[in-house]
Amino acid sequence: MPILLVAGGSRGIGAATARLAAKHGYDVAVNYNANGQAAAAVLKDIEASGRRAVALKGDMGREADIERVFDDAAKALGPVTHFVHSSGITGGVSRLDEASAETIRAAFEVNSIGALLCLSAAIRRMSTRHGGKGGAIVMLSSMAATIGGAGEYVWYAASKGAVDTMVVGAAREVAKEGIRINAISPGMIDTDIHPPGRIEKLTPMLPTGRVGTAEEVADAILYLLSDQASYVTGANLRVSGGR
């Protein structure tokens with residue numbers, strides 16, 4: 001029975017992934033940091049699909065919370081076989097030289113260091129080297145890592161560039177240990193991560209003339225988690241409408 005843990009699963013792309021995974025037969029552990037009501041709503045939808053679900057509060061930038069969330073997911077549902085890292089913060093919008101050190105550090109704590117710690121925790125539980133049965137991992141990157149985030153959030157783009165690198169390296173390390181690791185790079189997606197007015201401002205510049213939906217990204221994530229992607233690892237799939 002596939003058991004999926006979604007870090008940052010209460011809102012946006014993480015929530016869409018959790019809901020879709022339930023429809024594909026996964027039991028789902030939904031991690032959230034602050035919004036318990038949103039997590040409860042996702043759980044309700046998962047259970048309506050006939051699957052088991054649990055909500056787990058934890059800061060995915062803190063090692064102790066990460067370890068506890070993985071352990072609690074296993075206690076509630078069984079050993080985690082699939083993991084999606086969808087936790088991330090942008091830290092506001094400005095030029096780099098106008099951003100505070102605190103803003104920059106916070107983004108790297110969650111988006112880069114937290115992602116590395118989550119990846120390590122997942123590998124230690126899934127790898128055949130550690131007695132696990134293997135599995136699949138998808139890390140959420142961003143097209144910002146390619147575009148650079150100029151004039152908005154260079155630090156966020158840099159922190160997501162670290163995700164691109166860790167996916168390639170870790171995927172090669174564990175390729176013979178039953179684990180596939182891939183990245184998804186969403187472009188402009190209609191979620192509440194954007195400040196007011198940003199979507200409307202940038203939509204006319206997009207090749208497709210529209211933003212994407214969280215559900216469209218979730219479709220790609222579920223493909224990478226599935227056995228249909230059995231020979232795909234270390235890849236970075238852009239879901240960006242050509243941006």
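Restricting attention to segment 179-193 and to residues that are surrounded by 19 or more Cβ atoms within 10 Å (Cβ to Cβ) and of a type outside the set (A, V, I, L, M, F, W, C), the residue that is modelled with the lowest pLDDT turns out to be T191.
If you check E98 against the conditions, is it farther than 22 Å from T17 by Cα and either modelled with pLDDT of 95 or more or crowded, with 21+ Cβ neighbours inside 10 Å (or both)? Spelling it out, E98 is indeed farther than 22 Å from T17 by Cα and either modelled with pLDDT of 95 or more or crowded, with 21+ Cβ neighbours inside 10 Å (or both).
Considering each residue of segment 219-229 in turn, at least one proves to be among the aromatic types (F, W, Y) and in contact with a helix residue (DSSP H, G or I) (Cβ under 7 Å, 6 or more places away or on another chain). Looking across segment 214-234, the residues that are in contact (Cβ under 8 Å) with a residue 60 or more places away in the chain and either crowded, with 16+ Cβ neighbours inside 10 Å or not in a helix (DSSP H, G or I) (or both) come down to A214, V217, A218, I221, L222, L224, L225, S226, A229, T233, G234. Restricting attention to segment 1-26, the residues that are of a type in the set (V, I, T) and closer than 20 Å to K75 by Cα total 2.
Taking (1) under 27 Å from L222 (Cβ atoms); (2) surrounded by fewer than 19 Cβ atoms within 10 Å (Cβ to Cβ); (3) of a type in the set (A, V, I, L, M) in turn, A122 satisfies each apart from (2).
If a residue must be within 15 Å of the chain's Cα centre (by Cα) and assigned to a loop (DSSP other than H, G, I, E, B), how many such residues does segment 148-191 contain? Here the count works out to 2. Which of the residues belonging to segment 128-145 are assigned to a helix (DSSP H, G or I) and of a type outside the set (V, I, T)? R129, H130, A144, A145, listed by residue number.
For the residues A183, A145, A150, A157, the requirement of being farther than 20 Å from G12 by Cα and either of a type in the set (A, V, I, L, M, F, W, C) or in contact with a strand residue (DSSP E or B) (Cβ under 6 Å, 6 or more places away or on another chain) (or both) singles out A150. Does any residue of segment 131-148 turn out to be more than 28 Å from R51 (Cα to Cα), free of Cβ contacts under 8 Å to residues at least 24 places away in the same chain and not polar (S, T, N, Q)? So far as segment 131-148 goes, yes, one or more of its residues are more than 28 Å from R51 (Cα to Cα), free of Cβ contacts under 8 Å to residues at least 24 places away in the same chain and not polar (S, T, N, Q).
Among the residues of segment 22-42, which ones are within 25 Å of L117 (Cβ to Cβ) and crowded, with 16+ Cβ neighbours inside 10 Å? Matches in segment 22-42: Y26, D27, V28, A29, V30, N31, Y32, N33, A38, A39, V42.
The values are calculated or read from the model by the stated rules, or taken from the named source; none is laboratory data. Quick caveat, the model's predicted, so the values are computed rather than measured. Reconstructed Cβ throughout: ideal geometry from the backbone, glycine too, with neighbour counts over all protein chains shown.
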